[in-house]
Amino acid sequence: MNFYIREFAPHDYVSIADIGNAIYPDYRYSPEEIRYDDEHFDKTKYLFKRYVAEVSGRIVGYAEYHHMPNMFHPQKFWIWVGVHPEFQKQGIGRALYEKIISDLRALNAVRALTSAREDYPRSIAFLQKNGFTETMRTWESRLPVATFDLKKFAHYLERFSAYGFTITTLADELKRDPNCLKKLYELYELIMEDVPHPDQHTPVDFEHFLRYSIEHPDAIAEGYFIAKDGEKYIGLSNLRKSQDEPKDLYQGLTGVRREYRGKGVAMALKLKTIEYAQRHGYAVIKTWNESNNVGMLAINEKLGFVRQPAWVTFAKEFS
C-alpha cells in the first residue's frame, strides 16, 4: 500500500481523534480536547512532535513523541503510535515508529516510554520485538454508579467527621479563599511525590498545574473535592468529564498527606465523588491505579470498582 508520512498540521485534529477513538473506543477524546492539550503544552520548555500517515488523502495513522513534564529529563520521551484498525498490518505503524525513533536517536534520547493495554496482544508483541520491556502495570477499574448504595458506607463518613475533618469543593474554595489554588498546588505536588511513576518524578510548575488540572475544559470545580483539617488542605480527589462520553466520569488524582493517612480521608473523598456522580446522573466512574498502589486498590475494591484489563507501561533504553 502506498502511504505518505508528513508533519501534523492543525487541520488534522478531527482525523487523529477519529483514529484514537477507533483504536480505543472506551476512551473517547474529542478534537477540541486534543487541541487544548496541544496548545497548552509549554513548548518553550519541552519538545513535542507529531507525524501523520496519509493514504489517498486520508489520514490513517499518527505518531508522536514529547517530553514528560512530571518526569522531565531532556533525553527521555513519551511516544505513541496508532493506526486506524482498517489500515493496520500494512506497514504503516512500522514506518511511523521508525520515523520517530530516528528523530529520538538524533536527539540523543536515552529512554522512551509508552503503554499498551494488556488485551491488545499485537501492540504488546510489537513493543517487545522492538526492544521495549515492561516497567509497570496500571489497573483500570470501573464503578457502575446507579447501583451503588451510599448508605452502606455512611459509617466511613462518620469516622472521618469524628476527627473534626471536613470536605469542601474547589468551587466553594474559590469563592472564599483567594489562596486556595496555591494551597491546592502544594498539596497536589506533595501527593504526586508518593504516586508510583515509571521514571523519576519531577514537579510541574504552578502554571502547568492550572492549565491541566484546573482550567482544562474537562475539569469540574464542583467535582473537585478537598479534605481539610481546619484551613489546612489534607487530601484531594477530583473528577473529570469527557466531551465524547457524556455519561462517563474519569477519576483523577486521589491522595492524602502522609501524616493524615490511615484516618479514612481517602475513603471519604471517594464517597463524595460517587455521591456527585449519582446526583448528576452519570453512569460510570473510570479510574486507574498502579499495581503496587496497594492502599488505593483496596479502597476501590471495597467500593465495588470492577477491575478491567491493565495498561502496561514499557520502556526502551537507547545505547
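The values are calculated or read from the model by the stated rules, or taken from the named source; none is laboratory data. Owing to the predicted nature of the structure, the values given are computational and were not obtained by experimental measurement. These accessible areas exclude ligands, DNA and RNA; they are computed on the full protein's heavy atoms, side chains included. Shrake-Rupley method; radii C 1.70, N 1.55, O 1.52, S 1.80 Å.
Taking the protein heavy atoms of the chain in the context of the full set of protein chains, the accessible area attributed to carbon and sulfur is 52 percent at 1.4 Å.
Remind me, relative contact order of the stretch 173-282 in percent, using alpha carbon pairs under 8 angstrom and six or more residues apart?
Details: 122 pairs, mean separation 22.4, N = 110.
Averaging sequence separation for qualifying contacts and normalising by length gives 20 percent for the stretch 173-282.
If you take the Cα Rg of the chain and divide it by 2.2 N^0.38 Å, with N the number of residues, what do you get?
On the way: Rg = 20.7 Å, N = 319, 2.2 N^0.38 = 19.7 Å.
After normalising by residue count via 2.2 N^0.38 Å, the value is 1.05.
Let me check I have the definition right: for the stretch 1-52, take the eigenvalues of the Cα gyration tensor, multiply each by 5, take square roots. What are those semi-axes in whole Å, largest first? If you can, show how the numbers build up before the last one.
Details: eigenvalues 80, 58, 17 Å².
Equivalent-ellipsoid dimensions as semi-axes: 20, 17, 9 Å.
Per the Debye formula on identical point scatterers at the alpha carbon atoms of the stretch 235-314, with no solvent, log10 I(q)/I(0) at q = 0.12, 0.13 Å⁻¹ is -0.36, -0.42. Measuring with a 1.4 angstrom probe and ignoring ligands and nucleic acids, residue 232 comes out at about 80 Å² accessible. For residue 243, the residues 5 or more places off, or on other chains, whose built amide H falls under 5 Å of its own are 30. If a/c stays under 1.5 just call it rounded; otherwise compare a/b with b/c (prolate if a/b is bigger, oblate if not). Do that for the stretch 155-306, with a ≥ b ≥ c from the square roots of the Cα gyration tensor eigenvalues. Rounded.
For the stretch 48-56, putting each phi into the Karplus relation 6.51 cos²θ - 1.76 cosθ + 1.60 with θ = phi - 60° gives couplings of 8, 9, 9, 10, 10, 10, 10, 10, 6 Hz, in residue order, rounded to whole numbers and with x for Gly and Pro. For the chain, the longest principal axis of the alpha carbon atoms and the long axis of helix 92-106 meet at an angle near 80°.
In this structure, the amide hydrogen of residue 68, modeled 1.01 Å from its nitrogen in the peptide plane, lies closer than 5 angstrom to those of 73, 78, counting only residues at least 5 positions away or on a different chain.
Convex hull over the alpha-carbon atoms of the stretch 1-159: what's its volume per residue in Å³?
Working: hull volume 28.6 nm³, N = 159.
Hull volume over Cα atoms, normalised by residue count, gives 180 Å³.
For residue 152, the solvent-accessible surface computed with a 1.4 Å probe is close to 140 Å², ligands and nucleic acids excluded. Taking the 0 to 90 degree range and rounding to the nearest ten, how far is the long axis of helix 180-192 tilted relative to the main principal axis of the chain, both from C-alpha atoms? Roughly 70 degrees between the two axes.
In the assembled protein chains, residue 65 presents an accessible area of approximately 20 Å² (probe radius 1.4 Å). Taking every C-alpha pair closer than 8 Å and separated by at least 6 residues, the mean separation divided by the residue count of the stretch 36-121 gives a relative contact order of 25 percent. Pairs of Lys residues in the stretch 239-319 that lie 8 or more places apart, or on two chains, and have C-alpha atoms under 28 angstrom apart add up to 16.
Largest GNM mean-square fluctuation across 64, 140, 86, computed for the chain with C-alpha springs under 10 Å, falls on 86. Here the relative contact order of the chain, from alpha carbon pairs under 8 Å that lie six or more residues apart, stands at 23 percent.
Taking the chain as the reference, fit the longest principal axis to its C-alpha atoms, fit the long axis of helix 265-279 to the helix C-alpha atoms, and give the angle between the two in degrees, 0 to 90, nearest 10. Taking the Cα atoms of the chain, the angle to 265-279 is about 80 degrees. Taking amide H positions as modeled 1.01 Å from N, with prolines and chain starts lacking one, the residues under 5 Å from residue 234 and 5 or more places away or on another chain are 227, 228, 229. Express in whole angstrom the spacing between the alpha-carbon centres of the stretch 19-86 and the stretch 169-241. Here the two parts' Cα centres lie 25 Å apart.
Calculated mean residue ellipticity at 222 nm for the chain: -9500 deg cm²/dmol, from DSSP H runs with n ≥ 4 weighted as -39500 (n - 2.57), summed, divided by the residue count and rounded to 500.
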